[in-house]
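Quick notes on the structure that follows.
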Amino acid sequence: MSVRSHCGALVVFVVCVCLALLGPVAASAEPAIGPVQDNWSAALAYSVLNPAAVPQGINDFSCTPAVAHPNPVVLVNGAFESMYVNWSMLAPLLRSEGYCVFGLDYGTVGGLHQVGPLRESAREVGAFVDRVRSATGAAKVDLVAHSEGGLVGLYFINQLGGSDKVATMVGLAPITNGISAYGLLNAIATNPAVRDAVGAVIPAVADGTSGSAFVRETGMSGMTRPGVTYLTVSSRTDLIVAVGESQLPAGPGVTDAVVQDSCAADLTDHK
């Protein structure tokens, strides 16, 4: 990894910790549909001023799956991001293609999303999947998950009975095997004082660290299950998650795609 990648990951992590320490984020009570965005920075900027914003085309529980797309799509956020920040471009695109599209903010602590213990987060996602299946009449859903959401989705599939409810699991820069942040998170894990201080405001950090008990539990009996199709998409220019941290073991129904294998000049980052 380059010095630029190393420093970039540390900067992002420190900023996220600082946001957590600053306390709850104010949010209006009523969700409001936000505009379609074509990049993460614009979505984040809009969300800061409109924290209750949700993407267009999401969470229509009267949606009837089309014959061509029988599985509703459940979008699973990455750490800290609202579903608007994560999916303001993809959700309306999927809806325009005829999919029923759903998503949730989970693991919320002090106004920050996706920072709670990951076992609890996986249960939240599982309960939401059941709600979607009940509303749409679909036997299975397709999960599309970003970053932390990729590991949470795998835990749901592997440990909470989700293998009978998920047809396809797509991870976009997923932390499939946990992450080290180039050693930073592993160093935190070995320092009780620092570990407890970070864990008090961001419980997900310990669970999402490579080699954690949560990651090991997720992979008990293997990281994949028969009957589920898997796709991971990673990038060699990702400043947060290394390619090897994203990919699943090779096996039936598993595709591990790297952006630069299709387009060598693409500099796709984590967002």
| message | What Kirkwood Rh does the stretch 148-216 have if only Cα atoms enter the pairwise 1/r average? Answer in Å. | response | 12.8
| Three-way shape call for the chain based on the alpha-carbon gyration tensor, with the a/c threshold at 1.5 | rounded
| request: Equivalent ellipsoid semi-axes for the stretch 107-151, as square roots of 5 times the alpha carbon gyration tensor eigenvalues: give them largest first, rounded to whole Å. | output: 22, 12, 8
| field | Rg ratio (alpha-carbon, reference 2.2 N^0.38 Å) - the stretch 23-136 | value | 1.05
| message | Once neighbouring chains are kept in place and the probe is 1.4 Å, which whole percent of the accessible area of the stretch 162-271 is contributed by carbon and sulfur? | response | 61
| remark: Sorted largest first, the C-alpha extents of the stretch 206-271 along its principal axes in whole angstrom are 38, 30, 15
| said: Test of understanding: in a Gaussian network model of the chain with alpha carbons linked when under 10 Å, which of LEU160, LEU248, LEU112 would top the mean-square fluctuation ranking? | reply: LEU160
| request: Leaving out ligands and nucleic acids, note down the accessible area per residue over the chain with a 1.4 angstrom probe, in whole Å². | output: 44
| What FRET efficiency do you get for VAL36 and ALA187 if R0 is 51 Å and r is their Cβ-Cβ distance, rounded to the nearest 0.05? | 0.80
| task | Could you tell me whether the stretch 161-266 comes out rounded, prolate or oblate from its Cα gyration tensor? Rule is a ≥ b ≥ c as square roots of the eigenvalues, rounded for a/c under 1.5, then prolate if a/b exceeds b/c, otherwise oblate. | result | oblate
| request: Loop only per DSSP, at most 16 neighbouring Cβ atoms within 10 Å: give me the GluC sites (Glu not before Pro) in the stretch 68-134, ordered by residue number. | output: GLU97
| request: Report P(r) for the stretch 78-203: all Cα-Cα distances, bin width 5 Å, range 0 to the bin holding the largest distance, values in whole percent. | output: 2, 10, 18, 23, 20, 13, 7, 4, 2, 1, 0
| query | For the stretch 77-118, what's the relative contact order in percent, using C-alpha pairs closer than 8 Å and at least 6 residues apart? | reply | 43
| query | Using only helices, what value at 222 nm comes out for the chain when you add -39,500 (n - 2.57) per DSSP H run of length 4 or more and divide by the total residues, to the nearest 500 deg cm²/dmol? | reply | -11000 deg cm²/dmol
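The values are calculated or read from the model by the stated rules, or taken from the named source; none is laboratory data. From a predicted model like this one, the values you see are computed outputs, not experimental measurements. For neighbour counting, all protein chains shown are included, and Cβ atoms are generated from backbone atoms with ideal geometry for every residue, glycine included. These accessible areas exclude ligands, DNA and RNA; they are computed on the full protein's heavy atoms, side chains included. Shrake-Rupley method; radii C 1.70, N 1.55, O 1.52, S 1.80 Å.
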